[in-house]
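The values are calculated or read from the model by the stated rules, or taken from the named source; none is laboratory data. These numbers were taken from a predicted model, which means no experiment stands behind them. Glycine also receives a Cβ, built like all others from the backbone with ideal geometry; neighbour counts cover every protein chain displayed. To get the accessible areas, we keep the full protein, side chains included, count just its heavy atoms, and leave off ligands, DNA and RNA. Shrake-Rupley method; radii C 1.70, N 1.55, O 1.52, S 1.80 Å.
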Amino acid sequence: MRRENRRDSQVVNNFFTFASIAIISITITIYTNYITEEKPKVLEKLQCEKETPTRVVVTDRKLLKKSVKALDKGYYKIESSFLKSQDDKSTVEKAISLKELEQYYVDNIKNPAKKELEKYLKIRVELIENEKKDENLYAGKLISSFRINSNELLRFESDIKFMYKNAIKDRVDCSMKVYKNYVEN
């Protein structure tokens with residue numbers, strides 16, 4: 001072996017090349033095994049989601065799966081509101097009251113809400129009436145938002161074909177089916 005002819009700079013260069021390769025390999029291994037998360041699986045849409053344009057956004061799956069316990073025990077509150085048509089004469093209040101809208105959710109949950117809670121799942125419901133001048137095919141939109149400590153877990157948005165009780169009830173039923181589908185899967 002001819003060691004005496006190697007230059008010192010070549011030895012240092014080889015050492016740093018080897019060290020760089022080792023560091024990059026370790027970094028890639030740690031990143032792929034511990035830092036990257038699994039991609040959430042995409043759930044197939046339920047039949048009720050296909051009836052009208054529907055959008056579902058899930059922000060925290062782990063907490064969402066735990067939130068069903070709050071519903072089962074009655075630790076929830078429903079907060080509902082209307083967003084009425086500004087230009088046209090509003091018909092949303094003739095179709096349904098806020099109390100009836102909230103009762104549709106309670107009927108789906110099948111467990112009455114307990115009163116005076118400090119920690120609970122908040123179901124925020126907005127019934128939006130579309131402007132008739134927009135020539136929109138749909139009369140309105142239902143938005144259901146499931147929240148814990150002001151953190152949104154799941155948001156369900158669905159158009160409503162007609163501003164009738166049955167159409168609104170169908171969209172409420174669909175929102176609860178979608179919520180339960182995401183909790184189970």
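Here are the numbers for this structure:
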{"item": "Check on residue 90, free of Cβ contacts under 8 Å to residues at least 40 places away in the same chain and among the polar types (S, T, N, Q)", "result": "yes"}
{"item": "Considering residues of segment 132-157 that are farther than 15 Å from residue 171 by Cα and acidic (Asp, Glu) only, the residue surrounded by the most Cβ atoms within 10 Å (Cβ to Cβ)", "result": "152"}
{"item": "Every residue from segment 138-185 that is among the small types (Gly, Ala, Ser) and over 18 Å from residue 128 (Cα atoms)", "result": "150"}
{"item": "Some residue of segment 133-142 being part of a loop (DSSP other than H, G, I, E, B), among the aromatic types (Phe, Trp, Tyr) and in contact with an Asp or Glu (Cβ under 7 Å, 6 or more places away or on another chain)", "result": "yes"}
{"item": "Count of segment 130-184 residues which are at pLDDT 90 or above and acidic (Asp, Glu)", "result": "5"}
{"item": "Members of segment 167-185 found to be open to solvent by 20 Å² or more (accessible area, probe 1.4 Å), among the polar types (S, T, N, Q) and in a helix (DSSP H, G or I), listed by number", "result": "181"}
{"item": "Pair list, Cβ < 7 Å and 6+ apart or interchain, from segment 165-185 residues that are closer than 23 Å to residue 96 by Cβ to residues that are among the acidic types (Asp, Glu)", "result": "174/49; 178/49"}
